[in-house]
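The values are calculated or read from the model by the stated rules, or taken from the named source; none is laboratory data. For clarity, every value in this text was computed on a predicted model and none was experimentally measured. Because the Cβ atoms are built from the backbone with ideal geometry, glycine has one as well, and the counts that use them run over all protein chains shown. Protein only, heavy atoms only, side chains kept; ligands, DNA and RNA dropped before computing areas. Shrake-Rupley method; radii C 1.70, N 1.55, O 1.52, S 1.80 Å.
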Amino acid sequence: MEKITLKPVAKELLFENGAPNAHYDVLVYDGNGSQEKNLGSLYTISYLKHGDEDLGYIMSLISSVAKREYYSKQSLIEQNPKQAFENTLRKLNEILDDFYENRDFELDLGLLAISGGSIFISHLGKFKIALARQDEYIDILNSVALFDKSSEDARKFSNVMSGKLVSGDKLVAYHPNRSVTLREKILKDIFVNESQDVFHDKIAQLASNVNTFSYCGIHIAIGEIKEIPITKNHKFSDVGQAITAASPAEQETVAVSATKQFLGDKNFSRERPKIQPPPRIIPAEVSISHKRTVLRDIGGYLADLKNIGRMGRKKKTILLAVLAVVVIIPLGIVVYMISSGSMGKASVAFKNAADKYRLAQLALSKSDFRGARDLLGAALSDVSGVRNSKTDKIANEITGTMDFVDKTTDVKPELIYEPGTSQGITVSKIIGDDNSPYAANQQGVLYVVTPGNLVQVGNFAMDAKHVIEMGKYLVAFDENKNISVFSGESQKINLITLRESPQAKVMTAYEGNLYMVTTTGKILKYANVVGDIKKSDWGVLGSENVLSMAIDGNLYLLADNGKIITMYKGKRTGEIDLQFNPSPDSKIFTPANGSTSLFVYDPVKKKVYTFDKTSKMLVSSYKIDEAAEVSDLYVNAKENILILTKDGKIWRIGT
């Protein structure tokens, strides 16, 4: 007798119209490895609408948690799809409870699992699923409502509904938004009468022609795999498999109508249609031949080992060469990997990273972005330098989640300058406008960047540890007593020596005045730097360790605890929480031209983060790791990011 197994073939239907603060997501997962595949396939269809706070990450979190719980270690051991499905719903309800307490959003979610001939369904909010069987359309949820009148919490998943599927069935599960319900009749007809590809193409055509149309769903066609068992009288090289649909004659063997059989009671029990056994294979009708393959040849050589003493020189040489290639060399590699610990290291690294990744997802479910970022960074560190398919895969997943949390854009740095004839000049600072920025080396020599060349325009005559813009001037400071001021108009440099060192490591400038933070937490103001300079105490900080500062009238101080302290006229007026701890060499920028943005550059994370001054929220981030090893970075008045790399090239990111 042949063994018949149902095989769901799913196609995602995800077409968004770009509505603000709205997100759609679809998950189709068929399992990886025999244990997961035996548990069946998992599907989610979700819609989220939120207010000003961007909660789009909830979508990926739901999909990740659903997949993790359904295919948990315990579920794989028990191999009970219904129990695994119920455990998944329980976990999702727990996570969503936390979100509903602290967030304002609308969530619609459908969850399906198909295992063998069984289907399990649950939903939260708006969701529809339909079955097409024997040219009949069945709205599953509405039909079930006739038999189950229990009320449901709109913020909890519904009870689990289960049913039986047969080969030839088609399912469509989707979010019933207005643009879909208006066209439901025509879509029903196409779903019942046409193939999966035709249905997909029709949805795609609507999305292309109608700007307001969006669709989030999955079409699932149920086929079958027929496995012909190996009999004792015949030796077959393979077990034949084919995905087919049951014939009309087979489907008609079911006496009761499709609707009654699928929806007759709460458990939707149905007997399997009787399948006629395949014709018996007569030995004389089967021609058995052995195709020559490389493996057969190698096997033949290995089988001849017992006769090696009676072999000629040529065949003995070939046999020994084959033995070295297929046995000795691979065995040596395995022994080396085990003895060096590389196999064990990869396994440990993967486990540690996976554990931290799960904790990071849990932190995200509680809106703990700082904790999630720390865990994601630690997880990436675990697999850094360890390469195999599993560590590469989880590293990609972690990076994707980190980019999602950081709202990372796909804008890449563009090259705007190559050293050219200035190949021998090494610069370490970049500052100024896109078209003709300035660059300085460690000795304080100042250059203007022209196409293919660096032209010297002055010399700060000191180790210029800080170089900042101040209107038409550039100001350099050596963290001791010396300040140099370069005039862009006169191309002259004025060197100022202070009476005593301010003991400061960070500085900024605004409207002719310099501001510095001392090592004791004082904020000093040096007024009228280009004229008769005067020093005064401007304000006092607490115990924060300031890494960098910027000014636009308000003073912004970047602290190593992940806070931006805002001050005005020497008084503390508030703070912005970055939700991460910046590395020691991080910098903060804000153009003094009425810009609404603050830019934070973290050289370890290799990103520039943009925050809105009013809402104090993260707006976006930009990756700079495309631009080789970075020497310096600057955000200019046009809010463009200039990047100087150690090979002397200058790159730009337009924000």
Fill in: Size of electric dipole in the stretch 1-124: Cβ of Lys, Arg +1 and of Asp, Glu -1, about Cα centre, debye, nearest 20
800
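At 1.4 Å probe size, with every protein chain present, just tell me what the per residue accessible area of the stretch 378-505 comes to in Å². Intermediate values should be presented prior to the final figure.
Details: 6650 Å² over 128 residues.
Using a 1.4 Å probe on heavy atoms only, each residue of the stretch 378-505 averages 52 Å².
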Item to complete: Calculate the dipole size of the stretch 454-517 relative to its Cα centre from +1 charges on Lys and Arg beta carbons and -1 charges on Asp and Glu beta carbons; express the result in debye to the nearest 20.
Response: 80
Worksheet item: Roughly how many nanometres apart are two label points built 7 Å out from the Cα toward the Cβ at Asp98 and Gln491?
Response: 6.3
Practice prompt. Quick one: which residues, 5 or more positions from Asp25 or on another chain, have an amide H under 5 Å from its amide H? H modelled 1.01 Å from N in the peptide plane, none for Pro or chain starts.
Written response: Ser46
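Treat the stretch 493-562 as a sphere of radius equal to its Kirkwood radius over Cα pairs and apply Stokes-Einstein at 20 °C in a medium of 1.002 mPa s; give the translational diffusion coefficient in µm²/s, rounded to a whole number. Intermediate results must be reported in sequence, preceding the final value.
Values: Rh = 12.7 Å.
Reported coefficient: 169 µm²/s.
Counting only heavy atoms of protein chains, what accessible area per residue, in Å², does the stretch 535-576 have with a probe of 1.4 Å?
Values: 1910 Å² over 42 residues.
Value for the stretch 535-576: 45 Å² per residue.
In percent, what relative contact order does the stretch 575-632 have, based on Cα pairs under 8 Å that are 6 or more apart in sequence?
Values: 76 pairs, mean separation 13.8, N = 58.
Relative CO of the stretch 575-632 lands at 24 percent.
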Worksheet entry | Using a Förster distance of 60 Å, the FRET efficiency for Lys535-Lys82 (Cβ separation, nearest 0.05) | 0.20
Fill in: Global geometry of the stretch 95-134, whether rounded, prolate or oblate, following the gyration tensor of its Cα atoms and the 1.5 cut on a/c
oblate
Item to complete: Quick one: pull the percent of accessible area on the stretch 504-655 belonging to carbon and sulfur, 1.4 Å probe, ligands and nucleic acids left out.
Response: 46
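Using the structure shown, select from Lys170/Lys226; Lys412/Lys616; Lys7/Lys37; Lys128/Lys170; Lys407/Lys606 the pairs with a Cα to Cα distance greater than 22 angstrom. Display every interim value, and only then the final one.
On the way: Lys170/Lys226 19 Å; Lys412/Lys616 25 Å; Lys7/Lys37 11 Å; Lys128/Lys170 14 Å; Lys407/Lys606 14 Å.
Those over the limit are Lys412/Lys616.
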Worksheet, complete the sentence: Interchain or sequence-distant (5+) residues whose placed amide H lies within less than 5 Å of the amide H of Met470 are Val475
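Count charges around Ser597 for me, please; just the other residues with Cβ under 11 Å from its Cβ, Lys/Arg as +1, Asp/Glu as -1.
Working: positive: Lys613; negative: Asp552, Asp612, Glu639.
Combined, the nearby Lys, Arg, Asp and Glu give -2.
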Worksheet, complete the sentence: Under the Karplus relation with 6.51, -1.76 and 1.60 and θ = phi - 60°, whole-Hz ³J(HN,Hα) for the stretch 609-616, x at Gly and Pro, equal 9, 10, 10, 7, 5, 7, 7, 6
Practice prompt. Output ³J(HN,Hα) for the stretch 27-43: one whole-Hz value per residue in order, computed from phi by the Karplus curve 6.51 cos²θ - 1.76 cosθ + 1.60 with θ = phi - 60°, and x for Gly and Pro.
Written response: 10, 10, 9, 9, x, 10, x, 5, 5, 5, 5, 5, 7, x, 10, 10, 9
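Which loop-located trypsin sites (Lys or Arg not before Pro) does the stretch 523-606 contain, where loop means any DSSP state but H, G, I, E or B and the Cβ has at most 15 other Cβ atoms within 10 Å?
On the way: sites: Lys525, Lys534, Lys535, Lys563, Lys569, Lys571, Arg572, Lys587, Lys605, Lys606; in loops: Lys569, Lys605, Lys606.
Passing sites in the stretch 523-606 are Lys569, Lys606.
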Practice prompt. Using the Karplus curve 6.51 cos²θ - 1.76 cosθ + 1.60 with θ = phi - 60°, work out ³J(HN,Hα) for each residue of the stretch 439-454 in order, rounded to whole Hz, and write x for Gly and Pro.
Written response: 9, 9, 9, 5, 8, x, 6, 9, 10, 9, 8, 10, x, x, 7, 10
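Over 23 Å between C-alpha atoms is what I'm after, so list which of Lys607/Lys638; Lys492/Lys522; Lys429/Lys534; Lys126/Lys356 land there. Write down the numbers at each step before the final one.
Values: Lys607/Lys638 19 Å; Lys492/Lys522 32 Å; Lys429/Lys534 28 Å; Lys126/Lys356 34 Å.
Too far apart for the 23 Å limit: Lys492/Lys522; Lys429/Lys534; Lys126/Lys356.
If I stretch the segment between Asp368 and Val455 completely, what's the gain in nm (0.36 nm per residue apart, minus their alpha carbon distance), one decimal? Please list the in-between numbers first.
On the way: separation 87, 0.36 × 87 = 31.32 nm, distance 4.95 nm.
Taking 0.36 nm per residue and subtracting the Cα distance, the gain is 26.4 nm.
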Worksheet item: Given a 1.4 Å probe, how much area per residue of the stretch 607-655 is accessible, in Å²?
Response: 39
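Dividing the convex hull volume of the Cα atoms of the stretch 5-147 by its residue count, what figure in Å³ per residue is obtained?
On the way: hull volume 20.0 nm³, N = 143.
Roughly 140 Å³ of hull volume per residue.
Once the Cβ-Cβ distance between Glu500 and Asn545 is put in as r, and R0 is 22 Å, what FRET efficiency do you end up with, to the nearest 0.05?
On the way: r = 23 Å, r/R0 = 1.04.
Rounded to the nearest 0.05, the efficiency is 0.45.
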Worksheet item: Glu414 to Ser34: FRET efficiency via 1/(1 + (r/R0)^6), r the Cβ-Cβ distance, R0 35 Å, to the nearest 0.05?
Response: 0.15
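For a quick protection proxy, order the peptides 477-486, 377-386, 537-546 by their average other-Cβ count within 10 Å, most packed first.
On the way: 477-486: 20.0, 377-386: 17.6, 537-546: 14.5.
Result, highest mean first: 477-486, 377-386, 537-546.
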Fill in: Loop-located GluC sites (Glu not before Pro) in the stretch 592-648 whose Cβ has at most 14 other Cβ within 10 Å (DSSP)
Glu629
Item to complete: Could you list which residues have their amide H under 5 Å from that of Arg133, counting only those 5 or more apart in sequence or on another chain, with H placed in the peptide plane?
Response: Ile138
